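Asker: Okay, handing you the structure first.
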Amino acid sequence: MLTGLTIRDVVLVDRLELSPLPGLGVLTGETGAGKSILLDALGLALGARADAALVRAGASQAVVAAEFTPPARHPAWGLLDEHGIAHEGTIVLRRVLGADGRSRAFVNDQPVGVALLKQIGDTLVEIQGQFEQRGLLDAASHRALLDAFGGHAAELAAVGEAWRRWQVAAAARREAEDELARARAEEDWLRHTVEELSALDPQEGEEEALAEQRALLAGREKLLEAASAAAGDIAAAERALAGAARQLERAEGRSPGLLGKALAAAERALVEAREAAAQIEAANRAIDLDPRALEKVEDRLYALRGLARKHNVPVDGLKPLAQRLAERLAALDSGGAELARLAREEAAARQAYLAAAEELSARRLAAAAALDAAVARELPPLKLEKARFRTDVATLDESEWGEAGRERVRFEVATNPGAAPGPLHKIASGGELARFLLALKVVLAKDQRLPTLVFDEVDSGIGGAVASAVGDRLARLARKVQVLAVTHSPQVAAKAAWHWRVAKETRGGTTVARVEVLDPDARQEEIARMLAGTKVTAAARAAAASLMAGT
């Protein structure tokens, strides 16, 4: 709830610190005393549009701070956590408005944008005036209010889960459908390309191996020349070695043992020379084995590189490309069956959503009837006995279905018998609208998510028993949430748990607004003034005491 309100230099207010209490509080005072200034200041702290006219004359800036203590798990805590704003059990919204019209916003002393300030403020306070277009007058909130009233949390969760599963299934079907359509559009190209790649049968690492082989084959002529020259030299060496061996053998015969080792070495050299000649001959045969080998290697290498350029991939990427295209072609061949399976899954998910949504629809219709009956019971005491309230539950087009179901919900009223119901703010007059909203608030009080409600002259244009009925309903509402009502009605003021009076006074030639916290005796005197006018009589005081006592 709202636990503190500090105002500096706002219109007629110079310095003001207030501590609202739980329950029903009222704000009274003469017309023009400055009651609306307090609401304007509170609105400023909640993120309302800033107007430089709110800055007190002669001041450089206006400052308003509102302190709150929301209950655990209130949405405001989540917003603070989401934006990294520290908190320790309280939330302080502060707005600084310069005389030039520029403003700054703070949450727990951390600078924030006005949009975030307003977002947090909207979860904490609702200011309900005759021309206020938020809260209950916002048709976008009616469906959630009806669901809260009917206790549809379980059904909403089921519908939301079924919706998400349906959307996942539909997305999978659409993706498969699009892929199949793309594949069919390029089927001829796919088949040709797969055949072309299959015929070439590229292998990973093949480019490097072919390049090495080509380099080897390109030097074949030089190898042959070198081998031929080496063979000639070796043949000459072989003849010389053979002659030397014969000479050594004859000499060894004449002098045994003298040249035996030399003869053996010459014979070994002759054997090695003959082995070298044999190896050269074998190499020549290998080199001459296929004269077109180089041409074949180059043709293969060029074919691979040409296909790689065609498909804008490296040569080593041709084999993976062939696999991917073959898979797409296979998917094309079996795509109809896969698409049919996904379509069946989507249809089943849609049917599950429809079943869950149908259950929620039935619960909503029952809750709407109960809400209409409950509001109808509140209208006669508020002098709206001829009016009719209706919760319109309309089925949306399928394109508008969603996680929250298939219905649009709108609160409507008809103020005259036989008239067609219409939106609240378009049908009801200012005073009627305020009382309609009060009746709705009372009925919806158990599901109220806002910890503080402010009513600006909800009793406008009424008095007597009707004003008393308004006071009773504000007091009932205040059992659930904190309520602050700006009122001119003594019957409403008498129902309050706490009471502020706004008055103007002149200090040093300057008019300022002040707020008094009234004790029981001062409350009686203020209510007597509201009853009697300028001259408070004993009878008025007695009547005030009777109202406060509830008699």
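Asker: How many nm separate the modelled label positions at Arg377 and Lys426, each set 7 Å beyond the Cα in the direction of the Cβ?
Answerer: My value for the distance between the label points is 3.1 nm.
Asker: For Ala362 paired with Ala330, estimate the spin-label separation in nm (one decimal), with each label point 7 Å from Cα along the Cα-to-Cβ line.
Answerer: It is 4.8 nm.
Asker: To continue, here is another question. Can you compute the FRET efficiency between Val168 and Arg479 using 1/(1 + (r/R0)^6), with r the Cβ-Cβ distance and R0 = 60 Å? Round to the nearest 0.05.
Answerer: For Val168 and Arg479, the calculated efficiency is 0.85.
Asker: Summing +1 for each Lys or Arg and -1 for each Asp or Glu, what net charge is found among the other residues whose Cβ lies under 11 Å from the Cβ of Ser103?
Answerer: +3
Asker: Please report, in debye to the nearest 20, how large the charge dipole of the range 184-331 is about its Cα centre when each Lys and Arg carries +1 at its beta carbon and each Asp and Glu carries -1 there.
Answerer: Dipole size: approximately 520 debye.
Asker: A further question follows. Among Leu2, Ala76, Ile37, flag the residue with its Cα farthest along the positive direction of the charge dipole of the range 1-108, charges on Cβ as +1 for Lys/Arg and -1 for Asp/Glu.
Answerer: Ile37
Asker: With a cut-off of at most 15 other beta carbons within 10 Å, and DSSP calling the residue loop, which GluC sites (Glu not before Pro) in the range 356-402 qualify? Please list them.
Answerer: In loop regions of the range 356-402 (DSSP not H, G, I, E or B), the sparsely surrounded GluC sites (Glu not before Pro) are Glu385.
Asker: Moving to a separate point now. Evaluate the charge dipole of the range 343-490 about its Cα centre and quote only its size in Debye, nearest 20, assuming +1 on the Cβ of each Lys and Arg and -1 on the Cβ of each Asp and Glu.
Answerer: 520 debye
Asker: How about the range 200-229: which GluC sites (Glu not before Pro) there are in a DSSP loop, with at most 13 other Cβ atoms within 10 Å of their Cβ?
Answerer: Those satisfying the criteria are Glu204.
Asker: Residues of the range 303-326 with backbone nitrogen within less than 19 Å of a virtual label 7 Å along the Cα-to-Cβ line of Arg191, please, listed as ranges.
Answerer: Residues 322-326 fall inside that zone.
Asker: Then there is this: Could you please state, rounded to a whole Å, how far the C-alpha centre of the range 400-428 is from the C-alpha centre of the range 476-551?
Answerer: Answer, in whole Å: 37.
Asker: A follow-up question, please. Using a Förster radius of 56 Å, what is the FRET efficiency between Leu200 and Ala140 based on their Cβ-Cβ separation? Nearest 0.05, please.
Answerer: 0.35
Asker: In addition: Would you indicate which of [x] 62, 59, 55; [y] 135, 123, 38; [z] 171, 61, 41 is the value of Cα extents along the principal axes in Å derived from the coordinates of this structure?
Answerer: Read-out from the structure maps to [z].
Asker: Check the straight Cα-Cα distances from Lys261 and name the aspartates and glutamates below 12 Å, setting aside those fewer than 8 residues away within the same chain.
Answerer: Lys261 reaches Glu249, Glu252.
Asker: So if R0 is 41 Å, what FRET efficiency would Ala419 and His83 give, r being the distance between their Cβ atoms, rounded to the nearest 0.05?
Answerer: My answer for the efficiency is 0.30.
Asker: Compute the signed sum of charges (Lys and Arg +1, Asp and Glu -1) over the other residues within less than 15 Å, Cβ to Cβ, of Ala540.
Answerer: With Lys, Arg at +1 and Asp, Glu at -1, the neighbours total +1.
Asker: Ok, one more. When the convex hull of the Cα atoms of the range 243-316 is projected onto a plane and the area is averaged over all directions, what value comes out in nm²?
Answerer: Its Cα hull, projected and averaged over all orientations, spans 8.1 nm².
Asker: Which one of Pro256, Ala148, Val168 has its Cα pushed farthest toward the positive end of the charge dipole of the range 148-301, where Lys and Arg give +1 and Asp and Glu give -1 at the Cβ?
Answerer: Pro256
Asker: Another question about this same structure. Decide, for the range 39-137, between rounded, prolate and oblate: order the square roots of the alpha carbon gyration tensor eigenvalues as a ≥ b ≥ c, take rounded if a/c falls under 1.5, and otherwise choose prolate if a/b is larger than b/c, else oblate.
Answerer: Judged from the Cα gyration tensor, the range 39-137 comes out oblate (a/c at least 1.5, b/c at or above a/b).
Asker: In whole Å, how far is the Cα centre of the range 167-227 from that of the range 29-94?
Answerer: 69 Å
Asker: Would you kindly state how much longer the chain becomes between Arg309 and Ala52 on full extension, computed as 0.36 nm times their sequence separation minus their alpha carbon distance, in nm to one decimal?
Answerer: Residue separation times 0.36 nm, minus the Cα-Cα distance, leaves 85.6 nm.
Asker: Once label points are set 7 Å from the Cα along Cα→Cβ at both Ala115 and Val517, what is their separation, rounded to one decimal in nm?
Answerer: Inter-label distance under the simple model: 3.9 nm.
Bear in mind that the values in this text are calculations on the coordinates, not laboratory data. Model, not experiment: these values are computed from the prediction. FYI the Cβ positions are ideal-geometry reconstructions off the backbone, even for glycines, and counts take in every protein chain you see.
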